[in-house]
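Below is one structure; the comments refer to it alone.
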Amino acid sequence: MTDWLGLRGRKALVAGAGGIGAAVPAGLARAGARVVVADVDEDRLESLAADVPGISPLAADLTSPEGCRSCVGEAASLLGGLDVFVHAVGVNDRRPVLETPDELWRDVVRINLDSAFWTGKAAGALMVEAGHGRIVYLSSVSGLLAHADHAPYAATKGGVNQLCRVMAREWAASGVTVNAVAPGYTETGLTRGHLDRDGVRESLTALVPAGRLGTVEDLVGPIVFLCSAQASFVTGHVLYVDGGRTLV
């Protein structure tokens with residue numbers, strides 16, 4: 001079979017093993033990449049490793065600069081280098097701005113945005129030195145649209161979008177691309193509790209021109225493409241995978 005994507009044997013780290021982060025390693029592995037998956041939840045890692053043969057689990061705490069640098073360094077050591085990095089770490093807590101405690105704001109920013117900077121910086125350093133690399137961030141339509149009750153989450157996703165662009169500009173001449181994929185509402189563990197509330201799923205679906213909410217599998221193809229050789233001239237782009245949600 002032709003290695004059209006150019007991912008066979010590539011060394012990939014996926015940070016985050018829940019929801020979308022659980023589906024992406026399988027997609028990369030199917031394309032022939034060698035994959036390490038990092039997460040703080042060791043039970044989730046073990047479950048994912050059992051479901052996706054060939055991936056290597058890595059327990060990691062990405063809430064500090066040291067933890068992020070250690071995670072990237074350990075993954076690169078296990079793989080013998082690093083060609084691909086996917087940041088799929090994220091939390092949300094829906095409440096109005098006036099009801100958002102300072103501690104919650106700090107927690108969401110640290111997990112969603114700080115970890116994106118710290119891990120991306122560490123991965124980028126290795127890739128710039130090697131003269132090749134692909135970095136993909138999981139963003140959200142909330143980085144563009146002003147959804148109520150999403151202030152910390154939306155702010156971090158807007159930050160991820162701009163972080164992606166700045167990294168892309170700085171590292172383009174070194175053969176490193178940096179992009180983001182921004183899903184609309186997607187059925188994951190992070191969103192399911194909210195979607196299961198009376199009328200929520202129906203009201204959100206009505207806003208999507210495609211007439212349905214997203215699934216994690218809708219994200220795998222776009223992410224794998226941006227990790228591939230076929231995306232060598234795509235950088236600094238935020239790809240909305242939202243069934244047209246950002247059109248209305």
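The values are calculated or read from the model by the stated rules, or taken from the named source; none is laboratory data. Predicted, not measured: the structure shown is a model, and the values here were computed from it. So basically every Cβ, Gly included, is an ideal-geometry build from the backbone, and we count neighbours across all protein chains shown. Accessible surface is based on the protein model in full, side chains and every heavy atom, while ligands, DNA and RNA are left aside. Shrake-Rupley method; radii C 1.70, N 1.55, O 1.52, S 1.80 Å.
Its Kirkwood hydrodynamic radius, worked out from the mean inverse distance over all distinct Cα pairs, puts the range 56-197 at 15.9 Å.
Per residue, the chain exposes 46 Å² of accessible surface when a 1.4 Å probe is rolled over the protein heavy atoms with every protein chain present.
In this structure, the amide hydrogen of Asp242, modeled 1.01 Å from its nitrogen in the peptide plane, lies closer than 5 angstrom to those of Gly184, counting only residues at least 5 positions away or on a different chain.
Amide H to amide H, with H built 1.01 Å from N, Tyr137 comes under 5 Å of His87, Asn179, Ala180, Val181, counting only residues 5 or more places away or on other chains.
Of the accessible area of the chain, with the probe set at 1.4 angstrom, what percent is carbon plus sulfur?
54
Annotation for Ala172 and Ser232: the two label points, set 7 Å from Cα along the Cα-Cβ direction, are 1.7 nm apart.
Basic side chains Lys and Arg get +1 at the Cβ, acidic Asp and Glu get -1 at the Cβ, and with that the dipole of the chain about its Cα centre reaches some 820 debye. A cut-off under 13 angstrom between Cβ atoms defines the neighbours of Val84, and their net charge, with Lys, Arg +1 and Asp, Glu -1, is +4. When the Cα positions of Gly221, Ser174, Cys164 are compared along the charge dipole of the chain, Ser174 comes out farthest toward the positive end, with charges on each C-beta of Lys, Arg, Asp and Glu.
The 1.4 Å probe gives accessible areas that order Asp107, Asp242, largest first, as Asp107, Asp242. What the Cα atoms of the range 131-248 give is an Rg and a Dmax of 15.2, 51 Å.
Couplings 3J(HN,Hα) for the range 133-140, derived from phi with the Karplus relation 6.51 cos²θ - 1.76 cosθ + 1.60 (θ = phi - 60°), are x, 10, 10, 10, 9, 8, 9, 5 Hz, where x marks Gly and Pro. For the set Lys157, Lys121, the ranking by accessible area, highest first and with no ligand, DNA or RNA atoms included, is Lys121, Lys157 under a 1.4 Å probe. Net charge in the neighbourhood of Ala210 (other residues with Cβ under 9 Å of its Cβ; Lys, Arg +1, Asp, Glu -1) is +1. Residues whose amide H comes within less than 5 Å of that of Val36, counting only those at least five positions distant or on another chain, are Ala12, Leu13, Val14, Ser56 (H built at 1.01 Å from N in the peptide plane).
Of the residues Ser64, Leu138, Thr100, the one whose Cα sits farthest towards the positive end of the charge dipole of the range 49-190 is Leu138 (charges of +1 on Lys and Arg Cβ, -1 on Asp and Glu Cβ, taken about the Cα centre).
Listed values for the range 95-104 are Karplus-derived 3J(HN,Hα) couplings in whole Hz (6.51 cos²θ - 1.76 cosθ + 1.60, θ = phi - 60°), namely 6, x, 3, 5, 10, 9, x, 4, 5, 5, and x replaces Gly and Pro. Counting only DSSP H runs of at least 4 residues, each contributing -39500 (n - 2.57), and dividing by the residue count of the chain, the helix-based mean residue ellipticity at 222 nm comes to -13000 deg cm²/dmol.
Phi-derived couplings, Karplus 6.51 cos²θ - 1.76 cosθ + 1.60 at θ = phi - 60°, listed residue by residue for the range 81-93: x, 8, 9, 9, 9, 10, 9, 10, 9, x, 9, 8, 8 Hz, with x used for Gly and Pro. Accessible-area rank, largest first, for Tyr153, Tyr137: Tyr153, Tyr137, with all protein chains present and a 1.4 angstrom probe.
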